[in-house]
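Remarks on the structure that follows.
The values are calculated or read from the model by the stated rules, or taken from the named source; none is laboratory data. Source: prediction; values computed, not measured. Glycine gets a Cβ as well: all are built from the backbone with ideal geometry, and neighbour counts include every protein chain shown. The accessibility values were calculated without ligands, DNA or RNA, using every heavy atom of the protein model including side chains. Shrake-Rupley method; radii C 1.70, N 1.55, O 1.52, S 1.80 Å.
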Amino acid sequence: MRRAPLLLYLTWLSVSFYSGIWLFTSGFLLMRIELNNQSRCSEPPSPAPHRQAAPCWFPQRFHKAVIVIIDALKYDFAKYNPANNNPKPYENKLGIIHQLTTSQPQHARLYPFRADPPTTTMQRIKGFTTGSLPTFVDVGSNFASYAIQEDNLIHQMIQNGKRVVFMGDDTWDGLFPKKFYKSFFFPSFNVKDLHTVDDGILQHLYPTVDGGDWDVVIAHFLGVDHCGHKHGPDHAETAKKLTQMNQVISTLIDHLDDQTLLVVAGDHGMTDTGDHGGDSEKEVTAALFLYSKAPLFADQLQTDPPAVPQVNLVPSLSLLLGIPIPYSNLGAIIDDLFGFPRDKLTAQLSKTSAYHLNAQQDYFSTGNVLLIYPYKVARYLDSYSRAAGDLPADKLRVLADRFSSLTAEYEQLMAHQEQQSEEELEAHLQMIIQGLRSYLDQAREVCMESWARFHPLHMIMGCIILLTSCFLCYIIAEAGSASTLPYKYLLGYPLLFSISATAMLGLAIWMSVVELDLVTVCAAATIVYQMSFYFNFRTRKGSEMSWRKRPIYLILSGPWVVLLVRCCSLFSDSYVVAEANVAPFLLTSLLTVTVVKLHWDSKLMLPTFNPLGNESLKPSLTPTYRKDGSRLLGLLAALGLCVRLSGLFHNCREETPDCQPSSFLSPLSSVRDPDIKNFSYLCCIVCLGFIVFFIRKWLQHYGNLNSSSPLVLYVRWGFPLIVLGIACYWALSSGTEDSLAKLRELTHLALVVSPRAIYALAALGLLLILWNPITIFMKSRASDEDNTVTTYHGAPGSAAELQHVIPQIYRKMQRTLKSRLQHGGVGEDGKKGTAVEAYGLGSVYSAAMVITISILTLVLIMLHSERLTPAFLLLLLEAFIILHIHGHVANLYSDGVELFSVPWYAVLAWSLAASQHFYSTGHQPVFPAIHWNSAFVGFQDGHTNNIIPALMVAANTFSASILFSAGSCLLLLWPFLCEAPTARRKKGKKESREGDTEDHDMPMMEMRLREDPDRFSVALLQLGTKYLFIQGVQLLSCVCAAMILRRHLMVWKVFAPKFLFEGLGFVVSSLFLLLGIALVLRVDCAVSNWFKRLIVQQNR
């Protein structure tokens, strides 16, 4: 078997898909360009009428500011309802806010604070420090915070002499490195840690405020957000944390003077499960509380205040503190803050001046400087338009005309204000304010539309590469039945041409002949490779490649119809939202149709009941057919039961408000009732124990637990140790904060040590599999049989000798074992010889695969919530059922030769099962549904880099894809395990009894793969290309849906997240598919070496 070319070819196919994904992503998810331009006091936007004398743009109103950011402080947490006599744990906890807003309405006010999606912390910090809008793709860097280069509030404070002290979330350190006058950073990524950040802030907050060595203090608390992630909002720990925040605000107010502004804000909200990152109403609605001991507002608010966009905080704070508005700001001022001065007219003039200054900032950002103030430098969006070249000129012209008319009206009003009464002047000023506010909103909308721009050529080329990669997989899957595959034409020559083309492009770029980015170069290399492959395939398919054109009725058969329906449905946002229900339906429908087709093709007669009792009316069936009919019906029923039960572990999207997330998604620590908690814990342990018991029983059934090899000893003792470690970890992590307070240090140590010990045991098991994956027990005994094996007259130990001798050895072992069962090991003439018995040889490939999947399953279970353990048990049972259905169907259809080719329906069913269990393990293709807690299993103190947590979160999210992709080779191996004796399949009952002594009556199981290594290699190649094809076609459908519907209302809510999850899922699936095939090849190499040693022993 040619192992290396097989792996290299499948690897290159995967790389072709990666290139298409990368190219499409570069055209679909473009990041906004950050400009380095900065605002300065010495360069106001323009002269304006009635501009108050000030050293920097606008008169300073406050000398100091304390900004308290309470992460995930949603508006419902801050709002107080005295009439609520039965509040939820998160309600009516911030009483100090209600007290101040009612008793001091001119000093305090609470606003809904509306965030722009994505609602992740880093993007929100960027939003209310720059006043600009993040793009969708920025969410990918949430945990790899890059320093903000564009102008921002922190930079303006420091540039204008403000001493800024920061304490709290260390995300700010990545965004503003070495910017603060003083800083106290604390690790933020460990969402299970509720107190470290908050306690660290409280150690420094009050001493810093009392010390006076500051102008601006920023404190970013994380406890509320971490409570939401760990327990959800409706939990006692959330109530405790909100009560603590109430005390913090109350105490802090006592330390402030009347020259200090207090800002308490949430960066985002949270869902009912405590998650955030999307754009649902609960995620984008945070709280903003403003307070000053000096009067801050003109009148008492009569109704609930309108929502304030987060970007509006930037210009408001800038003008109140007397510093320039950051260059890239798109927000408008909070006009309530600029209406307090002496009389109403003066307030209106001040407010109009602030709005006009704000609008000028944005107008010159939109920047048609030829129409107004041509002597001034164009501001933000003019610079941005020049850099990006995609701001619509017609909309810029409309904005320019709008601002021009407003400015002219304002100047004319100020020039003739003595001729108007106070009431008329106030009315005209109010109209101008409304016009300026409308202008700012329109400018913001233009920017949002602009930053949703795409690169059509990159998207189209990405789709083409994905399409050609799928077609390449298909023709290899269908043409791979040839006995010999010329890998030099499939891999060698195309790869050589691709490398040559890449080298030529690199030389051209180095010589400045052309200008291409890395994405384009990789795409060009992929296209050259594929064109070379198609040329070689077309010229050689008539000689060495016997590729058959499939009839159209086969293309429209059951599996292809199901795949077509699934791919077309991905263009519907309703289907994507309901995919958790549709994928199980397609899976059960596909397998049911497959079994029905067996009956239609007269391969299977289902059990019938004859009320007349006339035996002559019954069809003549062999016992095997009759048994298979009952078994297949039972397997289908079991599959339906597993599918229904797996639906209990669902998560919900915000598009389905009537849906309630499964209670199994919440960890045991969130369960209040101790009886329910103990019962749930016991059920989880029972499920975990049953998984190990089931795996060991399977291995024992096929004789793979009889030897004393290190791998077998590991299965016997290592699996129970892993289960014990997981049980201990669950017991410790499910305790409440209070119950473990006395043993906190010891508990913390155990929470770190136990998962890491499990990681080490799992790594040891995988290393043992790589070192020696053989689980065969061999012993010699006396025998009367003729043990002579006809040797191959050639090079000893060669591949040809192995191919010739191995089937004889295996059949000799079968006859020896059968003779022992019949005669007790003694021949008829009493003579005894020496024979070899090998237990587990017929399932040696599958055993290694099952052990590997078992290890991965145990680790993945630990990365999930404890209560999802039954979901993984159902996953394994469903995979076992699919394999058995496939094994029975394959043996009923084939005569033994076709077992080497895995049919399309089996690969599609395997892929659908992976999709189904993505949802059945509590996931959804949206960012708020990501289980961030998994990054800290065994890392309670956080991480020193972003690689390990990213890998752990990815393993949690794509756990179903990992297990099904790694185990995909079982689709090839399982029919050999289920193979019935050929004599019994072809003969009647009487004939089979008479022919029991024939060699072919006993199945060779997986040793049949050793009879024809080339066919085995081709079968693995076909399986790999079929799996890549089905995964690639689904990915291509998501890509096309995102491209075609890129202006759809739901593109960023449904189609873009689905594309990202499908793309990442494809990468994970292809990697573990390669690892699974590599494992089979490693076992094959070990089996070859085992037979070599056996041949040498026999020759002696």
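Quick notes
- Residue match in the stretch 433-442 (condition: more than 30 Å from L10 (Cα to Cα), modelled with pLDDT of 75 or more and touching an Asp or Glu at 6+ places or on another chain (Cβ under 9 Å)): yes
- Each residue in the stretch 950-962 was checked for being within 24 Å of L1023 (Cα to Cα) and surrounded by fewer than 22 Cβ atoms within 10 Å (Cβ to Cβ), and 1 pass.
- Given (1) within 32 Å of the chain's Cα centre (by Cα); (2) in contact (Cβ under 8 Å) with a residue 60 or more places away in the chain; (3) open to solvent by 10 Å² or more (accessible area, probe 1.4 Å), number of the condition T196 does not satisfy: (2)
- Selection within the stretch 252-311 - assigned to a helix (DSSP H, G or I) and open to solvent by less than 50 Å² (accessible area, probe 1.4 Å): L252, I253, E283, V284, Q310, V311
- Test: S819 is at pLDDT below 95, out of contact with any Lys or Arg (no Cβ under 9 Å at 6 or more places or on another chain), surrounded by fewer than 20 Cβ atoms within 10 Å (Cβ to Cβ) and assigned by TED's automatic domain parsing to the domain that holds S557: no
- Candidate set: the stretch 229-242, residues that are within 21 Å of I96 (Cβ to Cβ) and touching a residue at least 40 places away in the same chain (Cβ under 8 Å); chosen: the one most open to solvent (accessible area, probe 1.4 Å): A236
- Taken as a whole, the condition of being surrounded by fewer than 20 Cβ atoms within 10 Å (Cβ to Cβ), among the charged types (D, E, K, R), more than 30 Å from V752 (Cβ to Cβ) and assigned by TED's automatic domain parsing to the domain that holds R756 applies to K697.
- Selection status of N86, modelled with pLDDT under 90 and open to solvent by 40 Å² or more (accessible area, probe 1.4 Å): yes
- Scanning the stretch 115-126 for residues that are under 9 Å from D267 (Cα atoms) and touching a strand residue (DSSP E or B) at 6+ places or on another chain (Cβ under 9 Å) turns up A115, T119, T121, R124, I125.
- Subset of the stretch 1041-1067 (residues that are farther than 13 Å from I21 by Cα and of a type in the set (V, I, T)): I1044, V1051, V1054
- Verdict on R61 being at pLDDT below 75, of a type in the set (K, R) and outside any helix (DSSP H, G or I): no
- Apart from one condition, V953 fits all of (1) under 26 Å from V1054 (Cβ atoms); (2) in contact (Cβ under 8 Å) with a residue 60 or more places away in the chain; the exception is (2).
- Residue list for the stretch 154-175, filter: of a type in the set (D, E, K, R) and either closer than 18 Å to D199 by Cβ or part of a loop (DSSP other than H, G, I, E, B) (or both): K162, R163, D169, D170
- For K677, the conditions (1) farther than 26 Å from G718 by Cα; (2) open to solvent by 50 Å² or more (accessible area, probe 1.4 Å); (3) free of Cβ contacts under 8 Å to residues at least 60 places away in the same chain are fulfilled apart from (2).
- Screening the stretch 528-581 for helices (runs of 4 or more DSSP H) wholly inside it with 3 or more residues that are outside the structural domain of P494 (by TED's automatic domain parsing) and at pLDDT 75 or above returns the ranges 558-569, 573-577.
- Being open to solvent by less than 10 Å² (accessible area, probe 1.4 Å), under 24 Å from I253 (Cβ atoms) and touching a residue at least 60 places away in the same chain (Cβ under 8 Å) is a property that I218 has.
- Odd one out for L617 among (1) modelled with pLDDT under 85; (2) hydrophobic (A, V, I, L, M, F, W, C); (3) open to solvent by 70 Å² or more (accessible area, probe 1.4 Å); (4) within 30 Å of G887 (Cα to Cα): (4)
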